[in-house]
Amino acid sequence: MSNKISVIGYWLLAIGFMAACGHNPQKADDPLADSGRTQRTENLLTKLKALGDSTVYMFGQHDATVYGIGWEADYANDSTIHERSDVKSICNDHPAVLSFDLGHIELGDERNLDGVPFSRIRQEAIAHYDRGGMVTLSWHLNNPLSGGSAWVADSLKDVESKTVAAVLDGGEKHELFLQWLDRVAEFLNSLETPYGVKVPVLFRPWHEHTGSWFWWGQAHCTAEQYKALWQLTADRMKERGVTNVLYAYSPGTEADGDETKYVERYPGDDIIDLMGLDSYCFAPDADTTQIARYAESLDKNLRMVCSVAKQHGKAAALTETGYECIKTDNWWTHTLAPVLERHPISYVLVWRNAHNRPNHYFAPFPGQQSTSDFIRFYNARQTLFLGDVSGLYLPSASSQ
Ligand code: BMA
């Protein structure tokens, strides 16, 4: 045997040995817990529940770091994270929670329904994990039966109402739908840091189902079908080896404080980790009665959500809210915060500041009328922004 061959042989042996031992000095330890999810994912859930035993809550915004009013991230230069958000322009700190949407990933598209490349979402999610923040994902997926969007079209009413049945086992779109779920699973599996840690995310599909504006909504399927849709989703993620996901149940306000109605389509404690609520302040003319009605309804619904979440041993959150165009100077500290401080939620998330849709924004930006009030909200003891959170993925002190 020549020297050259023996040297090659040595390296092959060494590489084989390292692979057999699973030894990779560059990778962080990312063990699985008994639940089959990563320990960091379990730790995040523990932290979210612990926030439910405190008076503080995290602040979040959808798409906060990819665009805002008057700017959009440089998608072409994919390797740059710009560290910009409208929230940061005001208080020099990012939201603690970032939300992104997976709509159109099912189609195999490069960009989501709002034009954000999935590669960018992946990069932002990993960057936010690295900053110590939390990531949540919604999914405004198309209708696999009609070919239309997530939103029901009156002209397609008959088709919309057959869609959930069509994607379930035995339905005509089942195979296609499995492929759609697999694309989501592939994306979730790809959320991995360069040092080998799967980024834990809170996945929030099938949201606002108590209304009927999405094809999975109340009027378009039975409770059994809706629950089966959840089961199918969770089962498929598991089959595809997804270990970094928590699930949020996120109805609208239709239950109106009624626990029984709220859990009518609840898919079960074995699937859901966090119980939420989507509730918006609708007051296009800054009508004080409408604003007060929002606060009242939010109070009533959050009391119920937090109570149900406690009974089921789940975390709770205000998974979507906001006042489009924030037309009162003190909405943050006079409308939102006084309600939130009465309920032990883990986080509140406002929707996006659309750069390409006029008057569709839910957080202030420099020059917006509620800016000073937002700084008061930021300074309040109860609100946690990115700079205020730490150790979301670490074991809690009591379990060490
Ligand atoms: C909605 C609006 C839409 C957007 C969708 C998904 O509430 O903001 O413009 O496409 O969310 O982000």
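The values are calculated or read from the model by the stated rules, or taken from the named source; none is laboratory data. Note that the coordinates shown come from a computational prediction; the quantities given were computed from them, not determined experimentally. Here the Cβ positions follow ideal geometry from the backbone for every residue, glycine too, while neighbour counts run over all protein chains shown. Only protein heavy atoms, including side chains, enter the accessible area calculation; ligands, DNA and RNA are left aside. Shrake-Rupley method; radii C 1.70, N 1.55, O 1.52, S 1.80 Å.
Some points to look at:
- Leading residue by the ranking (surrounded by the most Cβ atoms within 10 Å (Cβ to Cβ)) among those in region 193-216 that are within 20 Å of the chain's Cα centre (by Cα) and farther than 19 Å from Leu137 by Cα: Thr210
- Test: residue in region 283-297 that is in contact (Cβ under 8 Å) with a residue 24 or more places away in the chain and surrounded by 23 or more Cβ atoms within 10 Å (Cβ to Cβ): no
- Checking each residue in region 210-242 for being in a loop (DSSP other than H, G, I, E, B) and either of a type in the set (Phe, Trp, Tyr) or closer than 27 Å to Glu124 by Cβ (or both) picks out Trp213, Trp215, Trp216, Arg240, Gly241, Val242.
- Region 319-340 - residue that is without any contact (Cβ under 8 Å) to a residue 60 or more places away in the chain and in a strand (DSSP E or B) and, of those, farthest from the ligand (Cβ to nearest atom): Tyr323
- Yes/no for Ala255 being touching a residue at least 24 places away in the same chain (Cβ under 8 Å), in contact with a strand residue (DSSP E or B) (Cβ under 8 Å, 6 or more places away or on another chain) and within 22 Å of Leu336 (Cα to Cα): no
- A count restricted to region 106-115 and to residues that are farther than 15 Å from Val135 by Cβ and buried (at least 21 other Cβ atoms within 10 Å of the Cβ) stands at 0.
- Matching residues in region 153-176 - criterion: being in contact with a helix residue (DSSP H, G or I) (Cβ under 6 Å, 6 or more places away or on another chain) and modelled with pLDDT under 95: Glu160, Ser161
- Flag set for Val350, criterion: closer than 25 Å to Asp101 by Cα and either within 16 Å of the ligand (Cβ to nearest atom) or not aliphatic (A, V, I, L, M) (or both).
- For region 22-70, a residue qualifies if it is part of a strand (DSSP E or B) and within 16 Å of the ligand (Cβ to nearest atom), and the qualifying residues are Gly60, Gln61, His62, Tyr67, Gly68.
- Total residues in region 96-118 satisfying the condition of being under 23 Å from Gly322 (Cβ atoms) and more than 16 Å from the ligand (Cβ to nearest atom): the figure is 1.
- Qualifying positions in region 148-175 - among the aliphatic types (A, V, I, L, M), without any contact (Cβ under 8 Å) to a residue 24 or more places away in the chain and not in a loop (DSSP other than H, G, I, E, B): Leu156, Val159, Ala166
- Unmet criterion (only one of (1) within 16 Å of the ligand (Cβ to nearest atom); (2) at positive phi) for Gly147: (1)
- Candidate set from region 81-93 (those that are touching a helix residue (DSSP H, G or I) at 6+ places or on another chain (Cβ under 9 Å) and in a loop (DSSP other than H, G, I, E, B)); member that is nearest to the ligand (Cβ to nearest atom): Ile81
- Restricting Tyr266, Tyr280, Tyr294 to residues that are closer than 30 Å to Pro338 by Cα, in contact with a Cys (Cβ under 8 Å, 6 or more places away or on another chain) and either of a type in the set (Lys, Arg) or at pLDDT 95 or above (or both) narrows the list to Tyr294.
- Any hit, region 32-45, residues being open to solvent by 80 Å² or more (accessible area, probe 1.4 Å) and modelled with pLDDT of 90 or more: yes
- Checking each residue in region 341-400 for being in a loop (DSSP other than H, G, I, E, B), hydrophobic (A, V, I, L, M, F, W, C) and open to solvent by 30 Å² or more (accessible area, probe 1.4 Å) picks out Phe365, Ala380, Leu394.
- Of all residues making up region 119-143, the number that are open to solvent by 10 Å² or more (accessible area, probe 1.4 Å), out of contact with any strand residue (DSSP E or B) (no Cβ under 7 Å at 6 or more places or on another chain) and either closer than 28 Å to Lys157 by Cβ or within 15 Å of the ligand (Cβ to nearest atom) (or both): 1
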